[in-house]
Structure formats: structure tokens, C-alpha cells
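Written below as C-alpha cells is the structure these notes are about.
The values are calculated or read from the model by the stated rules, or taken from the named source; none is laboratory data. Fair warning: this is a prediction, and the values are worked out from it, not measured in the lab. Cβ placement follows ideal geometry from the backbone for every residue including glycine, while neighbour counts extend to all protein chains displayed.
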Amino acid sequence: MSIFIVLAYAVLFLLTVTILLSSSLLISNIGARYQQQQYLKKHQMLHDALVAYIKHPEDLVSIQKIALKNKNILLGVIVQLSDSGEGLAKSQITGILNKLGLQDLVHQQLLLLKSSNAQLRLKACSLLPYIADREIAGMALINALNDPMLDIRLNATQGLGKLLYVKAIPAIIEKVSLPSIWPSQRVIEAIAVMGDDALQPLINYLAKPELKDGSKLICIGVLGLLKNSEALPILSKSLDSPSLEIRVQTVKALGLIGDESITSKLCLCMKDSAWEVRAAVASALGTIKNKEAISCLNSGLVDEAWWVRRNAANALYSIGAQGIEALKTNLLSEDRFAREMSQLILDEKVGAR
């Protein structure tokens, strides 16, 4: 047999294999697309049935037939309805599951928190705040804060926030403030979701003398986001902390709260030895917009640190007419830094109009 015939057979064989593989891939894609379409169809059907049940809770038979056939996607639809604002409250979810005889779904998710499969534990943390009794879900998620996986601990933290489970605040802070890898801002935001209910537990916790700096930073960050002036007395004490990070975080929190009564204390911090604190103070005073801060912001215009000068100039402009007048006056200052920064901010603001 000549070499050409062998090559022809080889090419034919490869062509046949290519066609078979292409056909197999095509069939697989068609199958996957069909399965996806069926899933979406069932998902929409269950969604519509739940919405109809919310409006007419006496019609239990219709939802029961559909839900029992689609138990595997029921919880996902419930979460979607809860987050979309379509009127499905936590009490209704519990009632629906009880009436459908599907309380085992809650028990199943509780068991999955102990699963060796991380994805299942992650999913359980996401679902429990929606479907389980508040106390049961709260205690289960507190235990999940000990999970070895970061994403699961974060999901548990966010779940506790959704539950407004303020009793978990000390546990959350103690579990998340130790490792340096923790994304603390996500934790701060998760606790802040609890709103003013979290205020007093945070104030009480921050008052503990043995508290570590990592825990303090999270408390201070949340109190800033809550923007409640009741936190001013406890936050003011942290302005004298030996920790630079805590002093900066405290100033930022006070700026977010925006209470004019804190202006004089913030102005004292314009003499802090760290430029980072002075820059944060200038920025906070610009947020508060109290005219009584003009004098100390003027002093910031001659600061040795560029960011302090810039933040002070921006703050003066934010205060309004009197602050802008102070900037114009500084155009004639003997200090070159004050002249240049005042001119820079005035040019930027006028140009932005």
C-alpha cells in the first residue's frame, strides 16, 4: 500500500472523528439549552404561583402542586422574591413552608452548614436568613463564623446583618478582627445594615477597656455609617488613641455623622502629629460645613503636608460663601503654600461649573 493511500485513510479517519466530535458537542449544547429552558420555565411558573399565593393565600392547592414538584428550585425563587420587593415577607415564607409541609428544607440547610462541601455550606448561609426562624438561623450563622473558609464566614456575617441579629455583633467582631486578611469594610457594611438597633450594642462593646484595635476599628466604622449623634461621646474618646489607624477612622466616622457640635474637638485634632489625621480632619470638617471651622481650616492651608492643605481648601469651599471668601483672602497670604492651594481650588471649582 502506497504512502498516499495511507495518508488518505488517515485524513478520512481524522475527518470522521472531527465530525463525530462536532456532532457530539452540538447535541450536548442542544441538550444543555433545553435543560436551561426547562429550568427557566419551571422557575417562572413557581415564581408566578408564589406571587399569586401572596395575593390570594386561601388558594393553597395550586401552589402546593407546583412547589412539591419543584422543591429543588423553591428556595431560590423564595430568595429572589424576597430581594425583589415583590411582597414576600419572612413571616410569609415560614408560613408557606409550614403549610406546604416543607419544613424539612430548613432542617436540610441547617445540616448542610456542617457539610464537607464548601459550596453547600456557602449556599446554606445565603438561604437560612430567608427561610428559618430568626433565632434558629441566628445561632446557626454565629456558629458558621468559625468556618475555615473566608467566603463562608463573610456570608454568615451578611446573613446575620439581614436578620438584624444584634446579639451577634460581639461574635462577628471578635471573629473578624483577628486575621489581617479580613476585608473589614465588607464586615462594617454588613453590621451597619442592622441600623439603629445596632447602635447601643456597638457603643457598649466599644466601651470595653480590653478591646483590641482591630475590633475598635470595626466598631468605629459601623458607628460612622449609622450616622447617629448618640455615638459622639464614645467616639470622641478614640481621638486620643495612640493608634494612628484608630484616630483616622474615628475622624472619618465623626465626619460621616456630621454633627456640628463636634467641630471644636475636630479642630483640636488639626494639631495632631500625624498628617494623615490632620488630612482626615480637614475632610471631615468639609462634610460638616460648620462656619466655626474656618479658622482652623485656614491653619490647614499652611500645613507642611500637601493633602492637609488640599483637604482644608476643599473644606473651606464646601462651607459656602464665608469659606470661599477665606480662600480669596488667602490669595494675598504671605505663605506661598496657602496662596497656591487657594488658587488651585478656586480655579478647579470655577472651572467645574
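Filtered by the rule that a residue be over 18 Å from GLY214 (Cβ atoms), modelled with pLDDT of 95 or more and either surrounded by fewer than 19 Cβ atoms within 10 Å (Cβ to Cβ) or among the aromatic types (Phe, Trp, Tyr) (or both), region 240-257 gives a lone residue, LEU256. Hey, any hits in region 259-277 for a residue that's in a helix (DSSP H, G or I), surrounded by 19 or more Cβ atoms within 10 Å (Cβ to Cβ) and basic (Lys, Arg)? No; the residues of region 259-277 include none that is in a helix (DSSP H, G or I), surrounded by 19 or more Cβ atoms within 10 Å (Cβ to Cβ) and basic (Lys, Arg).
If I filter region 237-258 down to residues being outside any loop (DSSP other than H, G, I, E, B) and over 25 Å from the mean Cα position of the chain (by Cα), which single residue comes out as farthest from TRP306 (Cα to Cα)? My answer is LYS237. When ILE288, ILE319 are screened for being among the β-branched types (Val, Ile, Thr) and either closer than 19 Å to SER236 by Cα or modelled with pLDDT under 95 (or both), only ILE288 passes. State whether the residues of region 309-318 include one that is closer than 19 Å to ILE220 by Cα, basic (Lys, Arg) and touching a helix residue (DSSP H, G or I) at 6+ places or on another chain (Cβ under 6 Å). Looking through region 309-318, none of the residues is closer than 19 Å to ILE220 by Cα, basic (Lys, Arg) and touching a helix residue (DSSP H, G or I) at 6+ places or on another chain (Cβ under 6 Å). I'm checking my understanding of the structure. Among residues of region 131-151 that are of a type in the set (A, V, I, L, M, F, W, C) and within 19 Å of the chain's Cα centre (by Cα), which one is farthest from GLN119 (Cα to Cα)? Checking each candidate, the answer is ILE142. Taking residues in region 118-137 that are within 15 Å of VAL79 (Cα to Cα) and in contact (Cβ under 8 Å) with a residue 12 or more places away in the chain, and partners anywhere that are surrounded by 13 or more Cβ atoms within 10 Å (Cβ to Cβ) and among the acidic types (Asp, Glu), the pairs with Cβ atoms closer than 8 Å and at least 6 places apart or on different chains are LEU122/ASP151.
Of the residues that sit in region 164-182 and are at pLDDT below 90 and outside any helix (DSSP H, G or I), which one is surrounded by the most Cβ atoms within 10 Å (Cβ to Cβ)? Here the answer is SER177. With respect to ILE63, is the statement that it is of a type in the set (Val, Ile, Thr), farther than 13 Å from ILE131 by Cα, at pLDDT below 75 and assigned to a helix (DSSP H, G or I) true? Spelling it out, ILE63 is indeed of a type in the set (Val, Ile, Thr), farther than 13 Å from ILE131 by Cα, at pLDDT below 75 and assigned to a helix (DSSP H, G or I). Looking only at residues that are part of a helix (DSSP H, G or I) and surrounded by fewer than 18 Cβ atoms within 10 Å (Cβ to Cβ) in region 91-104, which one is modelled with the lowest pLDDT? The qualifying residue modelled with the lowest pLDDT is SER91.
Here is the figure for region 339-353: residues that are surrounded by 10 or more Cβ atoms within 10 Å (Cβ to Cβ) and either in contact (Cβ under 8 Å) with a residue 40 or more places away in the chain or outside any helix (DSSP H, G or I) (or both) total 2.
Of all residue pairs spaced 6 or more apart or on separate chains, none has beta-carbon atoms under 6 Å together with a first member in region 280-305 that is at positive phi and surrounded by 16 or more Cβ atoms within 10 Å (Cβ to Cβ) and a second member that is part of a helix (DSSP H, G or I) and among the acidic types (Asp, Glu).
A count restricted to region 294-334 and to residues that are in a helix (DSSP H, G or I), over 32 Å from the mean Cα position of the chain (by Cα) and closer than 11 Å to MET270 by Cβ stands at 6.
Scan region 124-133 and tell me whether some residue there is in a loop (DSSP other than H, G, I, E, B), modelled with pLDDT under 90 and not acidic (Asp, Glu). The answer is yes; a qualifying residue exists.
Does ILE27 fit the bill of being modelled with pLDDT under 75 and of a type in the set (A, V, I, L, M, F, W, C)? In short, no.
Against the numbered list (1) hydrophobic (A, V, I, L, M, F, W, C); (2) in contact with a Leu (Cβ under 8 Å, 6 or more places away or on another chain); (3) surrounded by fewer than 19 Cβ atoms within 10 Å (Cβ to Cβ), ILE152 comes up short only at (3).
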